[in-house]
Amino acid sequence: MIRRYVLRAAAEGPFDGATPDDRAREWTKNFPPNAVRRMTKLGLMLGAALRDFTVDPDDAVVYATTFGETITLARYLESFPTASPLFFQTSIHPSAIEQVLINRACPVRELTPLAGQPDLSAHAALTALLTPGERVLLTGGEEVGSWMRQLDAASNIGFAFALELGGPAQGVGGQRPPGAEGELCWSEEGLGAPPKGSDGAAVAGDLSQLFDAVSGRRAMRLPCPSGGEIALTWF
């Protein structure tokens, strides 16, 4: 079994349409005004989710999104034939987490972006479990797209989440570290009975399901595409 402890968890959303003005104003307070003008909605949401997290140079970051900055991508496409360099720069993956790290002046040891694949929750969780180091930040999110939703190329809901994951060495003598909120683990042979609070189903899990588990502090089980099973449980 591979295990990491959840030391901190946060989520922002979900939103299924226009963002309420009060929430948008709260998001912008996390960054300098001159930076906000160049940031995407997903970048601002992710910054809100990571607001109370410290980010150290020795940390690793895993970032997951299925669609990324589709609002900015749509604007970039609409800017042709005089293509906008700004919209191009902020539409590429992994723009949102880069906006947060750069504006907060946070270098990290390793950044692993994942995007646009089936079973994204399982892939992201397994990547975070296998990433070397004592501390890994598992983050992700989506923004509500505009006309690209009609092409199934954008999300219908907006959200962002973040998990601070500590390594097994932080649990001394097999005991969980003080203050741990939960654990994320992988087992080659499956994890037995469903964790308390889950519906008992082993489901594939798009990214919104991982967000739902974090925001609602709900237990979750995922079959791992490469074998075994992943579980998120809360203490």
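The values are calculated or read from the model by the stated rules, or taken from the named source; none is laboratory data. Predicted, not measured: the structure shown is a model, and the values here were computed from it. Glycine gets a Cβ as well: all are built from the backbone with ideal geometry, and neighbour counts include every protein chain shown. We work out accessible area using only protein heavy atoms, side chains counted, and drop any ligands, DNA or RNA first. Shrake-Rupley method; radii C 1.70, N 1.55, O 1.52, S 1.80 Å.
A quick yes/no check of all residues on (1) aliphatic (A, V, I, L, M); (2) within 19 Å of Asp212 (Cα to Cα); (3) out of contact with any Leu (no Cβ under 7 Å at 6 or more places or on another chain):
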residue: Asp56; (1), (2), (3): no, no, yes
residue: Val61; (1), (2), (3): yes, no, no
residue: Leu77; (1), (2), (3): yes, no, yes
residue: Val108; (1), (2), (3): yes, no, no
residue: Thr112; (1), (2), (3): no, no, yes
residue: Gly133; (1), (2), (3): no, no, yes
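On the basis of being modelled with pLDDT under 90, out of contact with any Pro (no Cβ under 6 Å at 6 or more places or on another chain) and closer than 21 Å to Thr70 by Cα, does Asp152 make the cut? Yes, satisfied. Report yes if Gly205 is at pLDDT below 70, on the phi > 0 side of the Ramachandran plot and surrounded by 18 or more Cβ atoms within 10 Å (Cβ to Cβ), otherwise no. Criteria met by Gly205. Restricting the first residue to segment 76-87 and requiring it to be in contact (Cβ under 8 Å) with a residue 12 or more places away in the chain and closer than 15 Å to Thr40 by Cα, which pairs with a second residue that is open to solvent by 80 Å² or more (accessible area, probe 1.4 Å) and not in a loop (DSSP other than H, G, I, E, B) meet a Cβ separation below 9 Å and a spacing of at least six or different chains? Matching pairs, first to second residue: Tyr76/Phe88; Phe87/Arg75; Phe87/Leu77; Phe87/Glu78. Based on this model, can you work out whether Thr90 counts as touching an Asp or Glu at 6+ places or on another chain (Cβ under 8 Å) and either surrounded by fewer than 16 Cβ atoms within 10 Å (Cβ to Cβ) or not in a loop (DSSP other than H, G, I, E, B) (or both)? Yes, satisfied. Glu69 falls short of the stated requirement of being farther than 13 Å from Ala162 by Cα and open to solvent by 80 Å² or more (accessible area, probe 1.4 Å). Just one of the numbered conditions (1) in contact with a Gly (Cβ under 6 Å, 6 or more places away or on another chain); (2) more than 17 Å from Leu207 (Cβ to Cβ) is not true of Glu26: (1). The helices (runs of 4 or more DSSP H) found wholly in segment 1-62 and carrying at least 3 residues that are modelled with pLDDT of 90 or more and either of a type in the set (Ser, Thr, Tyr) or surrounded by 22 or more Cβ atoms within 10 Å (Cβ to Cβ) (or both) occupy 41-49. Residues in segment 113-131 that are open to solvent by less than 80 Å² (accessible area, probe 1.4 Å), of a type outside the set (A, V, I, L, M) and either part of a loop (DSSP other than H, G, I, E, B) or closer than 16 Å to Glu164 by Cβ (or both): Gly116, Gln117, Asp119, Thr127, Thr131. Looking only at segment 179-202, residues that are open to solvent by less than 30 Å² (accessible area, probe 1.4 Å), in a loop (DSSP other than H, G, I, E, B) and modelled with pLDDT under 90 come to 2 in all.
Against the condition under 14 Å from Gly158 (Cα atoms) and open to solvent by 70 Å² or more (accessible area, probe 1.4 Å), how does Phe80 come out, does it pass? It is false that Phe80 is under 14 Å from Gly158 (Cα atoms) and open to solvent by 70 Å² or more (accessible area, probe 1.4 Å).
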